[in-house]
Amino acid sequence: MYSAMEYGYGMRKRPVEEVTFYRQNKKGKPLKISREKYLRTDICCGVNGCKKCIATDRSLCRLEIAPAINSKKFDFKHFILPDAGFIIRQTDVLDDLDNVILLQSVMEEVYKRNVTKYKRIRNGVKTKSWTYFLNEHSKDTFVNRKPNETTDERNTREFVQCYKYFTEHLASFGIKVIIFSDNPAFREEVEKIHGGDVLLASAEEYVLTMTDKFKDLMDRLCLIPYNEDEAVKKYQDFTYPPHFDSNLLQAGIKSGKYYQGAFRSFNFFEGFVRIEDDASAANAKSGPRKQKDDLAYNEILLQGLENVNRACEGDIVVIEVLPEDKWSIPSGMVTVDAIEKESPLVADKVVLENVETDVDVQEHEDRLEEEEIFAAVAESVKNVGEKKRQRTGRVIGIIRRKWLPICGMIRKSLKEGTSFHYFFPDNKKMPKVRIETRNVDRFEGQKIVAQIDQWPISSRFPVGHYIKILGPAGTIETETSAILHEHGIPHDPFSKAVEACLPQMPWTIDPSEYAKRKDFRDIIVCSVDPPGCTDIDDALHCRRLDDGMYEVGVHIADVSYFVQPNNALDDEAAKRGTTVYLADRRIDMIPPLISSNLASLHSGTDKLVFSCIWTMTPSADILDTKFYKGIMNSKSAMTYAEAQARLNSKTTGDPITDSLRGLSTLAQILKKKRFDNGALMLSASEVNEEGEIEDDCEESHSLVEEFMLLANCSVAKFTLETFREFSLLRRHPIPPPANFEPLQLAAKAHGIKIVVDEGSKALNESLERQPAELKSILRVLTTRCMTQALYCCSGTTPPDEYPHFGLAAKLYTHFTSPIRRYADLMVHRLLAIAIEVDRPNPRILDSQRMHGIAENINLRHRMAQYASRASYNIHKSKTLKGKNEEEHTGFVLFVKRNALQVFVPRYAMEGFIFFPKDMQYNYNEKDGEITIGSTKFRSLDRLTIGLSLEEEKDRVVFRLLKPEVAGLSDKPASSTK
Amino acid sequence: MAEILLSEVEKYYLVMGQDVRVDGRSRSDYRQGDIDLNAVTNSHGSIRARLGETDVIVATKVDLGTPDPDRPDRGTIKFLVDCSPTASPDFEGRGGDELAEKICRILSIAYDKSGTIDLKNLCITPKKYCYVIDVDILVLQCGGNLIDVISMAVKLCLGICELPRVTGLRYDLGQGVPVFSTDEFEFDYLDVKNSPVVVTLPRVGRYFVVDASLEEESCSKGKLAFGVTPDGCVTSIDKLGRGCYQVKSIQAATAMASTVGANVNNTINMRIDSLRELKLRADPKPLSMPMDI
């Protein structure tokens, strides 16, 4: 750890201080810990070019010796010394400031209060002209606590000591230090300890006097008064019940009086918290029959602003269940975003003139919306009766906020001259956000990212600040970056550290690899992929052995050779988790040099592969499975169509075609076996106009698919046999029967029977029996009812949860696409250790770590799916641009209280047909039906739908053409213009 | 007990001495001693005490425990003595166990008497949580009068033992686990003013002597150990070793123990006060102080 020189240094008398503190261990035992601290004299001040300090690494000294002067008020050379509160509050401002001194003690405080912000700032230190000063280890700035001094007092004294040190140290450069703090109490304290004459600035004070170049920063200020009382005074338009004290909450949760859980919102004033308590646990044990009730019992409904009490989507909240007479039912409404719907008040000028402030307008609108919901709820309670009412509760405390940056648009306030404006998030689950800006015009028509800072008790909406402009709303570029932002997908270019891990070009396979690996170069291996695919990760071969058996091989790109565990590249890949495919671009998990070039299995060159080789009988029974790290040379990289053409052709004697034919024959048998076993044939959205699945290259598709599935299953079985504790598996939980309720309702309405509770085989067979015109759309609906497949670590999951329901496989994992999925990469590493070509690595063979990885890739995977779906939707809507209304066949997927959720197979698009407010209709919740006049709508009904693009709002409008219903089939106002 | 071999002549000289002992002390004089502070840094209060050749380290550790079901509103103090083989060759292997057990018993009895330490102060939540103070005693050198030195060191140590203050109850681990302050200076001291020190009186020849050296001890058949509080009250009497005593001589010994013990105990109380004062001093602290009895 220490070099000899450092030892030598240490042997001279070094200043030692003793630091003592108490800690409590898990069992509650108080431990006294006393440490000797060796203070250093060689900690550098961080100024680039400071001769007074001993610096081990000059490249880390990034403070400029001649800092630019950007402020009119502070028109001298200065550095910035922020306190912890400032860093947390004004992170977005700090990001753009140079020459910041971050003290170790301050950063530790930031870490305690907000880990995300800590990480963000810590990353900033790597690139910006900031310095991270280890003040707790430096002899000049170390401050030991005096007896009878509070920790806060000591910390302030320490801070002042650092200020003194830097002021004196930098005096010879003519640089001063300014303490940045928004906390008036802290500023006072600093002045008291230092004895006056301190350079202090608040964010507002400093940023507002900055030169025009920094104009943008003004809007990024967090302007909530530091003092809570003042904050309450500043925003006063609503009164929320106060949150309880955290001790009281903890005691309540422990005693079972309150419940803790993540808040999931339908919209910003209605949502639910899924809880685990004795009642629901007891119910769950009493058998699957009662499962439906359990689910309802588990979820506690929260309705109304006061009951939701400032909770936002994803927050960890504490709730209290209300008395039974206040229980309610979910409204089942689909909210139409206020920015999209014509505001009743904007339309009605008379009312507007009477309204004083923008807040009032907003409040009025929201109240209308809320009233609508409650009216609907009251009506439902009447209709479905008291029995169906759900446990309802209210939020009494928030344990942890999940306030991530959100995308949306700012709507200019209707009130003249105000600096308060409203930010409308794209995500309908989030509330509107108050933004204070003096320059609202520049946000006109722009999509921006904003951050929620706080939700004062007296403010109807949370208060936040703007972070950055993404671009004009509606353009593909902006919408794509909004999608990436919204789903938290890391999409920055790969960092220098990551690039440093890439192999040097030109790169050739190391000669030693030829000796180590099994040679497949003479075997006829080929790959089949969609056209234009550059990251080919799988190739296949099949040959007849002398004894009449077949040898089949699946060769997967050996990415683990290029991505070694535990370096920057691996960390980045683990963070990204998966490659994200958007409609017009691809966000790589690993740099394209590896993904599209070195690892990708292009034909005609030697490639490193990880192979799975089976010996099979002609009836596709596996006799033997072997795994090798190998080297191969693909003879042909085909598209599905090319492969299909070869299969269809009559030529014989061509080795590639023969290999394909062999594979195809075996694949057909495997497929049949799989379906006989009860695998589900699911369909996402590939349905044509007639409601049928179309696939010209079915044979070549299923050829690849079958062997990939087989390889995954074989690998899963093998790795689990070797590593009981830390194998990475992919499981698909059996969906609870309650999930299938919409499907059951739809089936009932059409007089058909779907068996949902007897396993996948029965389900598949009952779907297969249905009439052709319904079959495909039924599959779409069934897919919707499914649960998500998940990655899991075998050591942290009970074995009976391993199976994959959809594939009817007892064990399954992902092995075949390491270029685009991190899971596969991990499986490759595990397998390499299992077949003893790699040495065991404690970082891989660790069930807790593996569990963490599985959780992360599950999240990344889901987010990637959402992002991809959103991106495709935008692109599809672009194809409608400038065209007249198009007529398409559509289906009703679900019947909602105030809308029909419809599906248009032609574009694989989903949308809502909203019912106008004044329309008379009858919603039958029990049967999932809506009757309008004489027309009845049920799930799975076939409709004719008109698709058009609403130009100003860039939104696809779904219009019901057939059956014709007045009010729904009228020409939209925009197109008649 | 550690024994040394003495010749008959030496024994005779020791036994026949009047009010002047071999090393020049009178019968009720103690030897010189000193106290090292903070001998074990990670304990909640520790000292190393030397008196003559006898050398012990005592350290206290505060733990969280459950009260004795018989006494649900009290905490506990546990003693553990370790006689190191460095102290005497007799202690090698399990040799020191018997002595260690004996010392533990004497201390437990002395501290168990009501009025010495109020164990109710160690209770946090009745029936559930209390402080448990583990007093670990390590005998480094056995130079006579071991039990007295240990008892003094134990009293000193309990006097400076820092009980971290309870700041609240935490419910996430169980039913209201106490949360202790993590602040170095947020603690309470135990009130040990009235707790006893042990005065052991071996009879050498016709007289009882205090603070017997190893040589004197080997000339005596048995000894009486008294627990004495600062006001001279005798809380316990134990007979150690062989031999028998007449009632008269027991009375004489008790009277002697009472005066000497009160004196010693008051000195210890003074030392505790000055040690507590030192804790609050910011400037460089002295590493040791004289015992001065």
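The values are calculated or read from the model by the stated rules, or taken from the named source; none is laboratory data. No experiment lies behind these values; they were computed from the predicted model shown. Positions of Cβ are generated from backbone atoms using ideal geometry, with glycine treated the same way; all protein chains shown enter the neighbour counts.
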Condition set of a type in the set (D, E, K, R) and outside any helix (DSSP H, G or I), scope region B:240-283, selection surrounded by the fewest Cβ atoms within 10 Å (Cβ to Cβ): answer is B:ASP283
Practice item. Would you confirm whether any residue within region A:160-178 is surrounded by fewer than 17 Cβ atoms within 10 Å (Cβ to Cβ), on the phi > 0 side of the Ramachandran plot and not in a helix (DSSP H, G or I)? Key: yes
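Matching residues to (1) at pLDDT below 90; (2) under 16 Å from the mean Cα position of the chain (by Cα); (3) under 29 Å from B:ALA212 (Cβ atoms); (4) more than 14 Å from chain A (Cβ to nearest Cβ):
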residue	(1), (2), (3), (4)
B:GLY45	no, yes, yes, no
B:ASP55	no, yes, yes, yes
B:ALA59	no, yes, yes, no
B:ASP82	no, yes, yes, yes
B:GLY93	yes, no, yes, yes
B:GLU98	yes, no, yes, yes
B:ILE106	yes, yes, yes, yes
Any residue in region A:863-874 that is aliphatic (A, V, I, L, M) and within 30 Å of A:PHE723 (Cα to Cα)? yes
- Message: Going residue by residue through region A:589-603, is there one that turns out to be free of Cβ contacts under 8 Å to residues at least 60 places away in the same chain, surrounded by fewer than 21 Cβ atoms within 10 Å (Cβ to Cβ) and not in a helix (DSSP H, G or I)?
- Response: no
Residue match in region B:53-62 (condition: of a type in the set (D, E, K, R) and surrounded by 17 or more Cβ atoms within 10 Å (Cβ to Cβ)): yes
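Yes/no per residue for (1) assigned to a strand (DSSP E or B); (2) within 14 Å of another protein chain (Cβ to nearest Cβ); (3) at pLDDT 90 or above:
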| position | (1), (2), (3) |
| --- | --- |
| B:ILE147 | no, no, yes |
| B:PRO178 | yes, yes, no |
| B:VAL198 | yes, no, yes |
| B:GLU215 | no, no, no |
Picking from A:ILE253, A:ILE224, the residue that is over 20 Å from A:GLY304 (Cβ atoms), crowded, with 16+ Cβ neighbours inside 10 Å, within 14 Å of chain B (Cβ to nearest Cβ) and β-branched (Val, Ile, Thr) would be A:ILE253
Subset of region A:776-794, residues touching a helix residue (DSSP H, G or I) at 6+ places or on another chain (Cβ under 7 Å) and assigned to a helix (DSSP H, G or I), comes to A:LEU778, A:ARG779, A:LEU781, A:THR782, A:CYS785, A:SER794
Per the list (1) outside any helix (DSSP H, G or I); (2) more than 30 Å from A:LEU249 (Cβ to Cβ), residue check on A:ASN427 breaks on (2)
Note: among B:VAL139, B:VAL154, just one is assigned to a strand (DSSP E or B), more than 10 Å from chain A (Cβ to nearest Cβ) and of a type outside the set (Gly, Ala, Ser), namely B:VAL139
Looking across region B:61-80 at residues that are touching a Ser or Thr at 6+ places or on another chain (Cβ under 8 Å) and within 14 Å of chain A (Cβ to nearest Cβ), the single one that is nearest to B:LEU190 (Cα to Cα) is B:LYS61
Counting only residues that are β-branched (Val, Ile, Thr), closer than 23 Å to A:ASP98 by Cβ and touching a Lys or Arg at 6+ places or on another chain (Cβ under 6 Å), region A:132-182 contains a total of 1
Taking region B:113-136 and the residues there that are out of contact with any Gly (no Cβ under 9 Å at 6 or more places or on another chain) and in a loop (DSSP other than H, G, I, E, B), the one that is surrounded by the most Cβ atoms within 10 Å (Cβ to Cβ) would be B:ILE117
Restricting region A:28-37 to residues that are at pLDDT below 85 and more than 7 Å from chain B (Cβ to nearest Cβ), the one farthest from B:PHE187 (Cα to Cα) turns out to be A:LYS37
Taking region A:188-199 and keeping residues under 44 Å from the mean Cα position of the chain (by Cα) and buried (at least 18 other Cβ atoms within 10 Å of the Cβ) leaves A:GLU189, A:VAL190
(request) Return yes when B:THR167 is among the hydroxyl-bearing types (Ser, Thr, Tyr), out of contact with any Lys or Arg (no Cβ under 7 Å at 6 or more places or on another chain), within 24 Å of B:GLY65 (Cβ to Cβ) and within 14 Å of chain A (Cβ to nearest Cβ) and no when it is not. (result) yes
Margin query: Based on this model, can you work out whether B:THR229 counts as surrounded by fewer than 18 Cβ atoms within 10 Å (Cβ to Cβ) and of a type in the set (Ser, Thr, Tyr)?
Written below: no
Only one of (1) modelled with pLDDT of 90 or more; (2) more than 16 Å from A:ALA84 (Cα to Cα) does not apply to A:ARG145, and that is (1)
### Message
Scan region A:845-853 and tell me whether some residue there is free of Cβ contacts under 8 Å to residues at least 60 places away in the same chain, under 19 Å from A:GLU725 (Cα atoms) and touching a Cys at 6+ places or on another chain (Cβ under 6 Å).
### Response
yes
Just one listed residue, out of B:TYR131, B:TYR111, B:TYR30, is of a type outside the set (S, T, N, Q) and either free of Cβ contacts under 8 Å to residues at least 12 places away in the same chain or over 27 Å from B:ALA257 (Cα atoms) (or both), and it is B:TYR131
Residue hits (region A:227-254; modelled with pLDDT of 75 or more and part of a loop (DSSP other than H, G, I, E, B)) are A:THR239, A:TYR240, A:PRO241, A:PRO242, A:HIS243, A:PHE244, A:ASP245
* For region A:770-778, does any single residue satisfy the condition of being farther than 20 Å from A:LEU807 by Cβ, hydrophobic (A, V, I, L, M, F, W, C) and within 31 Å of the chain's Cα centre (by Cα)? -> yes
Picking from B:SER274, B:SER288, B:SER249, the residue that is of a type in the set (Ser, Thr, Tyr), touching a residue at least 60 places away in the same chain (Cβ under 8 Å) and away from chain A (no Cβ under 14 Å) would be B:SER288
Across (1) part of a strand (DSSP E or B); (2) at pLDDT 85 or above, B:LEU169 clears everything bar (2)
Flagged in region A:472-498 as within 23 Å of A:TYR581 (Cβ to Cβ) and outside any loop (DSSP other than H, G, I, E, B), in numbering order, are A:ILE476, A:GLU477, A:THR478, A:GLU479, A:THR480, A:SER481, A:ALA482, A:ILE483, A:LEU484, A:HIS485, A:GLU486, A:VAL498
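Yes or no, residue by residue, for (1) surrounded by 16 or more Cβ atoms within 10 Å (Cβ to Cβ); (2) under 23 Å from A:THR787 (Cβ atoms); (3) charged (D, E, K, R):
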{"position": "A:ALA809", "(1), (2), (3)": "yes, yes, no"}
{"position": "A:ARG821", "(1), (2), (3)": "yes, yes, yes"}
{"position": "A:GLU836", "(1), (2), (3)": "no, no, yes"}
{"position": "A:ASN856", "(1), (2), (3)": "yes, yes, no"}
{"position": "A:ARG906", "(1), (2), (3)": "yes, no, yes"}
{"position": "A:ILE913", "(1), (2), (3)": "yes, no, no"}
{"position": "A:GLN920", "(1), (2), (3)": "no, no, no"}
### Query
Out of all the residues in region B:13-24, is one or more more than 14 Å from every other protein chain (Cβ to nearest Cβ), over 16 Å from B:VAL139 (Cβ atoms), part of a loop (DSSP other than H, G, I, E, B) and small (Gly, Ala, Ser)?
yes
